[in-house]
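To start, the structure under review is shown below, and the notes come after it.
Just so you know, all these numbers are worked out from the coordinates, no wet-lab data involved. Predicted model, so just to flag it, every value in this text is computed and none were measured. FYI the Cβ positions are ideal-geometry reconstructions off the backbone, even for glycines, and counts take in every protein chain you see.
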Amino acid sequence: MPVRKQKSVPQRRLQSRPPLTPMHQPLTRAEVQRLQGHMRRHGPHSLTPRQHDAIWDFLFALPESQAWMADMVAQTRAAQAGLRPRSKKEA
């Protein structure tokens, strides 16, 4: 059987990119949308961990996010209560 010659194909190495631009905190809605757009185009590794955290902090502070999370917690607790066996007193 002939021996295969190994190909010399340079592999692309993942390298962290430098920050997009200097980030000012707290973020504005326009800045968050700009960073999210950049991340959609270039992938999640295109932002620094600090930029990711700043986006999540901004989203967490929104009143509609708080309302949504409270609703999710209520639904989760109701589902968990439905899984617990009922005692004879409750039946």
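List of remarks:
- Relative protection proxy for 70-82, 35-47, from highest mean packing down: 35-47, 70-82 (other beta-carbon atoms within 10 angstrom).
- Rounded to the nearest whole angstrom, the semi-axes of the ellipsoid equivalent to the range 27-82, taken from the Cα gyration tensor as √(5λ), stand at 29, 13, 9, largest first.
- Taking amide H atoms as placed 1.01 Å from N in the peptide plane, the amide H of residue 48 lies under 5 Å from those of 20, each 5 or more residues away in sequence or on another chain.
- Efficiency of FRET from Cβ geometry, residue 83 and residue 30, R₀ 30 Å, rounded to 0.05: 0.10
- Maximal additional length on extending the residue 56-residue 38 stretch stands at 4.9 nm, based on 0.36 nm per residue less the C-alpha distance.
- Listed values for the range 65-81 are Karplus-derived 3J(HN,Hα) couplings in whole Hz (6.51 cos²θ - 1.76 cosθ + 1.60, θ = phi - 60°), namely 5, 4, 5, 5, 5, 4, 5, 5, 5, 4, 5, 5, 5, 5, 5, 5, 5, and x replaces Gly and Pro.
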